[in-house]
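J.: Okay, here's the structure, questions in a sec.
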Amino acid sequence: DALGRRWKRQFSGAMKLHWFGAKGDRVADDTPSLIEAFRAVTALGRGCIEGEPWDKYRITHTIFYGSNTVFDGRGCEVYHDSNTTNGSAFMPEKFQHATEKNYNIKFKDFTLNTSTTGGNGIAGANARRVTVENVHSDYMYWHLFDGAGCQDFTIKDCHSYNCRTAPYQCDNATYSAASEASDAAGNVLPIAFDASGYVGKSRNVTILNCRANGAALYGVHFHNT
């Protein structure tokens, strides 16, 4: 499409969030800028998005990521000021497709926090080959990583403080609210079921050198597996 052709002409190396108008001041709503950046990578078929060190990107609803995507925060903060209680900050774009999947995704080197009224972190929702590395949270309403139906995922060198539930979760949950997104209007977008009646079966999970301090329920939660 036109967006893909545009970025094939202009792309060299990583895409910078400020190219898309992100302010990074934790006051402005940077959701549209992040959405456009992730759409540009999806249009290209692969790519890396970079934040700026010390910037604080405030988002209010879900950012959808495609296959072959790297988000390198480079020391930034993403603050998910969620417009619902359960919507995720990041969600694979195929999360409402029971058979189609997203593959080869990496999130690295940033802090991800939510508000005290709601919000989830990175959702793996039926994706494959997901890596979350050196991602930290000072406060998380739900999960820093929610692996509902995610397979072949690695969580490495992540630290979570003051999580309201469990920072690291994988599950085969049998209800569509197990992992949700939200749109700009605050509508809840539930995950799809697979043919077996699950949202997907989590397999091949590695959690390496991670920390959970002050988690209200658990450090790691394997749910309905």
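The values are calculated or read from the model by the stated rules, or taken from the named source; none is laboratory data. Quick caveat, the model's predicted, so the values are computed rather than measured. When we count neighbours, we look across all protein chains shown, and the Cβ atoms used for this are built from the backbone with ideal geometry, even at glycine. When the accessible area is computed, the model is the full protein with side chains, heavy atoms only, and any ligands, DNA or RNA have been set aside. Shrake-Rupley method; radii C 1.70, N 1.55, O 1.52, S 1.80 Å.
J.: At Asn162 and Thr117, where each label point lies 7 Å from the Cα along Cα→Cβ, what is the point-to-point distance in nanometres?
T.: 1.8
J.: Would you rank Val70, Val27 by solvent-accessible area, highest first, keeping every protein chain in place and using a 1.4 Å probe?
T.: Listed by decreasing accessible area, they come as Val27, Val70.
J.: Now for a different question. Evaluate the distance, in nm, between pseudo-label points positioned 7 Å from the Cα of Trp54 and of Asp29 along their respective Cα→Cβ axes.
T.: Calculated label separation equals 2.8 nm.
J.: Can you tell which of Asp183, Asp30, Asp81 shows the greatest fluctuation in a Gaussian network model of the chain with Cα springs below 10 Å?
T.: Asp183
J.: Let me ask you something else. Could you report the accessible area of Arg129 in Å², rounded to 10, computed with a 1.4 Å probe on the protein chains as they sit in the structure?
T.: Its heavy atoms expose roughly 120 Å² to the probe.
J.: Based on DSSP H runs of at least 4 residues, each adding -39500 (n - 2.57), what is the mean residue ellipticity at 222 nm of the chain after dividing by all its residues, to the nearest 500 deg cm²/dmol?
T.: Only helices count here, giving -3000 deg cm²/dmol.
J.: If you roll a 1.4 angstrom probe over the protein chains with everything in place, what fraction of the accessible area of the stretch 137-215 belongs to carbon and sulfur, to the nearest %?
T.: After summing per-atom areas, the C and S share lands at 45 percent.
J.: Considering the convex hull of the alpha carbon atoms of the chain, report its projected area averaged over all viewing directions, in nm², one decimal.
T.: For the Cα atoms of the chain, the hull's average projected area reads 11.1 nm².
J.: In Å², what does the accessible area per residue of the stretch 91-151 work out to with a 1.4 Å probe?
T.: 30
J.: Still on this structure, please answer the following. Of Cys76, Phe90, Phe110, which is farthest towards the positive pole of the stretch 61-143's charge dipole, taken about the Cα centre with +1 and -1 on the beta-carbons of Lys, Arg and Asp, Glu respectively?
T.: Of the listed residues, the answer is Phe90.
J.: Another question about this same structure. Taking the square root of 5 times each eigenvalue of the Cα gyration tensor, what semi-axes in Å does the equivalent ellipsoid of the stretch 18-110 have, largest first?
T.: 21, 16, 11
J.: Take His97 and Phe222, extend 7 Å from each Cα along the Cα→Cβ direction, and tell me the distance between the two endpoints in nm.
T.: Each label point is offset 7 Å from its Cα along the Cβ direction, giving 3.0 nm.
J.: Same structure, new question: Counting only DSSP beta bridges with both residues in the chain, what percent are antiparallel, rounded to the nearest 5?
T.: Beta bridges within the chain, antiparallel portion: roughly 5 percent.
J.: Another question about this same structure. Which of His136, His97, His159 moves most in a GNM of the chain, Cα contacts under 10 Å?
T.: Highest fluctuation among the options: His97.
J.: Over all directions, how big on average is the projection of the convex hull of the alpha-carbon atoms in the stretch 140-225, in square nanometres?
T.: 6.0
J.: Same structure again: What relative contact order, as a whole-number percentage, does the stretch 12-153 give when Cα pairs under 8 Å and 6 or more residues apart are counted?
T.: Computed over the stretch 12-153, the figure is 19 percent.
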